[in-house]
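Engineer: I have a structure I would like to understand better, so I am pasting it below and will then ask my questions one at a time.
Each reported figure results from applying straightforward, stated rules to the coordinates on display, with no laboratory input. Small disclaimer: the values here were computed from a predicted structure and weren't measured. Here the Cβ positions follow ideal geometry from the backbone for every residue, glycine too, while neighbour counts run over all protein chains shown.
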Amino acid sequence: MYDVIIVGAGPAGLTAALYAGRTSRKILVLEAKAYGGQIIKANKIVNYPGILEISGFDFATHLYEQVKQLGVEIKYETVNRIDEDLTVHTTKSIYQAKSIIIATGSENKRLNLPRENELVGKGISYCATCDGSFFKGKTVAVLGEDKIALEDVLYLADIVKKVYWIPRNKSEKENQKLVEEIKLKDNVERIESQTITSLLGEDKLEEIELDQNQRIKVDGLFIAIGQSPKNEIFKNVIDMNEDGYIVSDDGVHTSHPKIYVAGDTRVKTLRQLTTAVSDGAIAATTAIKEMED
Amino acid sequence: MEVKEIKEEEWESIIQQTGKVLVDCYAVWCGPCKMISPMIDELAKKTDTCKFYKLNVDEAEEIAMNYGINAIPTLLLFEDGELKKTSVGLISPDELEELIK
């Protein structure tokens, strides 16, 4: 029996472990892949208070080491289901908890087109700063209109031969400064289209089809249409909004009295490293306090 | 077994070996690559049915291009010189074990 089981070892989950781990309680962190979550993809973190600059990998590793030093157990197992009575079923085992903190984060939203999964790494990418350098001198498209998409366009414009930018005809007014910067790039062409309807190519991506049957030849496609949570497996026990984010009135409690939430996976206005670690700290201290009450 | 770094000129002789060969294509600036490499080290220690190597794609651009690698980490599994499986992105230790089965 564990006092607290934390699902997810990103910044929110590990911070929860850091706070809970400093008590005499028995804590388990369950992680499906690797610690660190999405922050490991960040080349540079420059907006974390008190740290001038650090790579996402270093940040995550320091946090992980901090948690390990407290003797918190971390297991690499995928959670398949949580029951009402706080039984946690994973790919390897079954655990019983007195309380659970869900910190499963979010992942890049997919287009859900046929062949999309198959072409990841063969032309399709969700991370321009990770994979952009493989497209030196080539032609790419960027789908999306939020801040990340605009930054991707600018980043890629300096590396590749040509960037087709597809802002899906949505307003990108909030980021007017970036839009102005894009306008100054000679190798960026803006394409008016609502979405991509088809991905074409034999062994790799060669062409994309847009609405109205317009086709563009590309070597790469960067999809930057936001994030989506991974909470399907919890919907039997807690409430979520229509996008699958966990609903929490006060930012910590879910609709189940002993299940708490932290980080990107909850309904919130700002998904950042600073807010994720804040959530983790609050969720852990609340869970421990309510165990003692 | 140790995970050896491949030099571009050794490529052919390494992948043409009999049996299974896993190549971890990485770059020093790639966070997810740094996460997967200790997993591969662990697996290599306890596995004798597969040989493990890593390839820095920034130093072997031609190989990366020939294999159409345009995202990292990419894991290439060869068997008797033939490319059998390709895995792109960060995977779990379990998925990694599954890959070399």
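Engineer: Under a Cβ-only charge scheme (Lys and Arg +1, Asp and Glu -1), can you give me the dipole magnitude of the protein assembly as shown about the Cα centre, in debye to the nearest 20? Before the final figure, lay out each step's value.
Structural biologist: On the way: 48 positive and 65 negative charges, 112 e Å.
That gives a dipole near 540 debye.
Engineer: Shifting gears a bit: Could you pull out every residue, at least 5 positions away or on a different chain, whose amide H is within less than 5 Å of the one on residue A:74? Hs are placed 1.01 Å off N in the peptide plane, and Pro or chain starts have none.
Structural biologist: Here A:29 satisfy the definition.
Engineer: So what is the relative contact order of chain A, in percent, for Cα pairs below 8 Å that sit 6 or more residues apart? Display every interim value, and only then the final one.
Structural biologist: Numbers: 645 pairs, mean separation 62.2, N = 293.
Contact order relative to length: 21 percent.
Engineer: Given N residues in region A:1-73, what is Rg(Cα) / (2.2 N^0.38 Å)?
Structural biologist: Details: Rg = 12.6 Å, N = 73, 2.2 N^0.38 = 11.2 Å.
Dividing the Cα Rg of region A:1-73 by 2.2 N^0.38 Å gives 1.12.
Engineer: Select from A:130, B:56, A:54 the residue farthest towards the positive end of the dipole of the protein assembly as shown; place +1 on Cβ of Lys and Arg, -1 on Cβ of Asp and Glu, and compute about the Cα centre.
Structural biologist: Toward the positive end, the furthest listed residue is A:54.
Engineer: Show me the GluC sites (Glu not before Pro) within region A:10-99 that DSSP assigns to loop and that have at most 15 other Cβ atoms within 10 Å of their Cβ.
Structural biologist: On the way: sites: A:31, A:53, A:65, A:73, A:77, A:84; in loops: A:53, A:77, A:84.
Loop-located and lightly packed - A:53, A:84.
Engineer: Check every DSSP H run in chain A and write down those whose alpha carbon atoms cover 24 angstrom or more along the long axis and whose mean Kyte-Doolittle hydropathy is 0.5 or greater.
Structural biologist: Numbers: long enough: A:273-292 (29 Å, 0.47).
Answer set is empty.
Engineer: Whole-Hz Karplus ³J(HN,Hα) for region B:39-55, in order, using 6.51 cos²θ - 1.76 cosθ + 1.60 and θ = phi - 60°, x for Gly and Pro?
Structural biologist: With coefficients 6.51, -1.76 and 1.60, one gets 5, 5, 4, 4, 5, 4, 4, 9, 10, 10, 9, 8, 9, 10, 9, 10, 10 Hz.
Engineer: Right, next: Enumerate the amide H contacts of residue A:142 below 5 Å, restricted to partners 5 or more residues apart or on another chain; note that Pro and chain-start residues carry no placed amide H.
Structural biologist: Correct list: A:164, A:165, A:166, A:222.
Engineer: Over all residues in A:115-124, what is the mean tally of Cβ atoms on other chains that come within 10 Å of each residue's Cβ? The partial results should precede the final answer.
Structural biologist: Numbers: counts 0, 0, 1, 0, 1, 4, 11, 7, 3, 3.
If you average over the peptide's residues, the count of other-chain Cβ atoms is 3.
Engineer: Can you compute 3J(HN,Hα) from phi for each residue in region A:108-113, using the Karplus curve 6.51 cos²θ - 1.76 cosθ + 1.60 with θ = phi - 60°, rounded to whole Hz and x for Gly and Pro?
Structural biologist: Couplings: 4, 6, 9, 7, 6, 9 Hz.
Engineer: Turning to a different aspect of this structure: Beyond 22 Å, how much of the Cα-Cα pair distribution for region A:170-293 remains, as a whole percent?
Structural biologist: Numbers: 4427 of 7626 pairs.
For region A:170-293, the fraction of Cα-Cα distances above 22 Å is 58 percent.
Engineer: Once amide H atoms are built 1.01 Å from N in the peptide plane, which residues 5 or more positions from residue A:255, or in another chain, come under 5 Å H to H?
Structural biologist: Amide H neighbours of residue A:255: A:239.
Engineer: Still on this model: Do any of A:44/A:68; A:138/B:51; A:75/B:84; A:33/A:122; A:204/B:46; A:136/A:268 go past 26 Å between their Cα atoms, and which?
Structural biologist: A:138/B:51; A:75/B:84; A:204/B:46; A:136/A:268
Engineer: Per residue of A:144-154, what is the mean number of Cβ atoms on other protein chains within 10 angstrom of that residue's Cβ?
Structural biologist: Values: counts 0, 0, 0, 0, 0, 0, 0, 0, 0, 0, 0.
That works out to 0 on average.
Engineer: Note down the relative contact order for region A:154-293 as a percent, whole number, built from C-alpha pairs under 8 angstrom at least six residues apart.
Structural biologist: On the way: 169 pairs, mean separation 16.7, N = 140.
The value is 12 percent.
Engineer: Right, another one. Above 31 angstrom, tally the Cα pairs of chain A and express them as a % of all pairs, no decimals.
Structural biologist: Details: 15607 of 42778 pairs.
So the pairs more than 31 Å apart make up 36 percent of the total in chain A.
Engineer: Same structure, new question: Tell me, what ³J(HN,Hα) does each residue in region A:226-235 have, in order and in whole Hz, if you take phi through Karplus 6.51 cos²θ - 1.76 cosθ + 1.60 with θ = phi - 60° and put x for Gly and Pro?
Structural biologist: With the stated coefficients, region A:226-235 comes to x, 10, 9, x, 10, 10, 2, 5, 9, 5 Hz.
Engineer: Return the distance in nm (one decimal) between the two label points of a simple spin-label model at residue B:59 and residue A:159, each offset 7 Å from Cα along Cα→Cβ.
Structural biologist: Label-label distance for residue B:59 and residue A:159, simple model: 2.1 nm.
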